[in-house]
1. Give the residue that is modelled with the lowest pLDDT, with candidates limited to residues of the range 141-180 that are under 19 Å from L238 (Cα atoms) and of a type outside the set (A, V, I, L, M, F, W, C).
2. So, in the range 426-468, exactly how many residues are at pLDDT below 95 and polar (S, T, N, Q)?
3. Every residue in the range 424-445 that is without any contact (Cβ under 8 Å) to a residue 24 or more places away in the chain and either within 14 Å of the ligand (Cβ to nearest atom) or assigned to a loop (DSSP other than H, G, I, E, B) (or both), please.
4. For the condition in contact (Cβ under 8 Å) with a residue 40 or more places away in the chain, of a type outside the set (A, V, I, L, M), farther than 30 Å from N285 by Cβ and surrounded by 18 or more Cβ atoms within 10 Å (Cβ to Cβ), what is the one hit in T415, T406, T333, T347?
5. Considering R59, R87, which residue is under 18 Å from Q105 (Cβ atoms), out of contact with any His (no Cβ under 8 Å at 6 or more places or on another chain) and basic (K, R)?
6. Scan the range 230-249 residue by residue and report those that are within 29 Å of Q412 (Cβ to Cβ) and free of Cβ contacts under 8 Å to residues at least 60 places away in the same chain.
7. Within the range 221-238, is there a residue that is over 30 Å from R420 (Cα atoms) and at pLDDT below 90?
8. For the range 45-59, does any single residue satisfy the condition of being surrounded by 20 or more Cβ atoms within 10 Å (Cβ to Cβ) and touching a Phe, Trp or Tyr at 6+ places or on another chain (Cβ under 6 Å)?
Amino acid sequence: MDFLPVFLNLKKRPCAVIGGGEVASRKVSLLLAAGAQITVYAPTLCETIRHWADAGKVRCVATEFDPDVLVGCALVIAATDNAAVNRQVSEASKTRGIPVNVVDQPELCTFIMPSIIDRSPVIIAVSTGGSSPVLARLIRARLEALIPAGYGRLAKLVVKFRDQVKQHFTQAPRRRQFWEDVLQGPIAELVYSGQDAAAEKALQQRIESADGSKPPVGEVYLVGGGPGDPDLLTFRALHLMQQADVVVYDRLVSPAVLELVRRDAERIYAGKERDNHAIPQEDINHLLVRLAKAGKRVVRLKGGDPFIFGRGGEEIDTLAAEGIPFQVVPGITAAAGCAAYAGIPLTHRDYAQSVVFVTGHLQDGTVNLNWKALAQPRQTMVFYMGLHGIETICRELIHHGMPPSTKAALVQQGTTRNQRVLIGDLETLPAIVEKAKVKAPTLIIVGDVVQLHDRLKWFAPTAVNRKS
Ligand code: SAH
């Protein structure tokens, strides 16, 4: 631990601020919030400090710095743009044993100012050891949702490049903008995903090409949004969703999940209903490429898991061919989500030793499967997109030797507050679908494990706005 975090009581204690500009005013504002008795020493004052002086909140002395004014002070802050004065303040304070902070010069400080989340009486203070104020601010902004495990390593990366960046970008605002981009963009993502060497290389390139005319290349995150319940998202999915500039989402993504995407991200609906694709797959692939080439961080949000009947493979294939960086975040697939929330274990030592995930909707619109391989004893079958072909599915399984009394479950809108579970067998299932007006998205689970539902069901939500 390089610094010991402490919380100081400065109420009515004399504090000196050397410097009267905007930077000084931000420190004065904090000291005011802490109830300190502040004297500002500066030949000229910015609007904000002048305003406080007029209102009697701070005392101002319009002189050059004189070390004697520090006597009796509880705390000193130097915020001048004169390096010699800053150093003089630092040394004078140290000799007198007074804690001193020199803005943006950690080597001259005996204490550093944390980033603060003020929820009085609870205060959360964040420090990066003075290595990067921008980073501290970003941590603060994210604390409420989640702190990625890689932040420590990100800070190390910043320290490593800090001087180089300072030399390259001589103006502070430009430098801040650069760090903001780096700390929120693909380079930080590389660090979070454990690719530190690649992050370092990318950062080096980014610094070198910073003034070039080439626009930055964005990145695409293919994210599994799970079956509906937002609590089933992974931390990583949530983290990327909160960084996105654009989100391209499917019909299956639940509104509660979509709600968690960064407020000001652009939202593009890519549709995908049976036989009614809002945007053809070809176009979605190219849309992702186009957005990434415009420098955007694109979250391609899919229901369930992107690699299970999600065409995720096709989309990243196009990205790979175009050299666009991408990542894939797994999600809880409908089979896992629906089985869990319906109390139907997909395997069980007494009933099933294997489970197969099957699509009930083939590209040519038929259900043309290897029925013989599917109709095996002690195997659970999970049909995705099977509602339309339910009659064929049940008929063919019986035809290939499965007892008509084999148990089957329909799970509609699994894991959501509208979840419905209907139990039947291969003989009765098509009639149940019709009678109960079962609608997509529905998953069909076939096999002896279905009989466990009666004993193991636990999820009993109060339905909201069920349309059927
Ligand atoms: N990639 C998705 C599946 C896409 S295919 C995943 O991994 O879950 C679409 C089919 O998934 C739907 O027709 C339906 O059969 C199933 N499905 C998806 N979400 C579901 C849900 N919440 N409840 C029931 N079935 C669901």
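The values are calculated or read from the model by the stated rules, or taken from the named source; none is laboratory data. Source: prediction; values computed, not measured. Neighbour counts are summed over all protein chains in view; Cβ atoms, including those assigned to glycine, are modelled from backbone coordinates with ideal geometry.
1. Top of the filtered list is E144.
2. Final tally of qualifying residues: 3.
3. T428
4. Values: T415 fails: farther than 30 Å from N285 by Cβ; T333 fails: farther than 30 Å from N285 by Cβ; T347 fails: surrounded by 18 or more Cβ atoms within 10 Å (Cβ to Cβ).
Result: T406 is the single residue among T415, T406, T333, T347 that is in contact (Cβ under 8 Å) with a residue 40 or more places away in the chain, of a type outside the set (A, V, I, L, M), farther than 30 Å from N285 by Cβ and surrounded by 18 or more Cβ atoms within 10 Å (Cβ to Cβ).
5. Working: R59 fails: under 18 Å from Q105 (Cβ atoms).
Result: R87 is the single residue among R59, R87 that is under 18 Å from Q105 (Cβ atoms), out of contact with any His (no Cβ under 8 Å at 6 or more places or on another chain) and basic (K, R).
6. Within the range 230-249, P230, D231, V247, V248, Y249 qualify.
7. Scanning the range 221-238, I find no residue that is over 30 Å from R420 (Cα atoms) and at pLDDT below 90, so the answer is no.
8. Looking through the range 45-59, at least one residue is surrounded by 20 or more Cβ atoms within 10 Å (Cβ to Cβ) and touching a Phe, Trp or Tyr at 6+ places or on another chain (Cβ under 6 Å).
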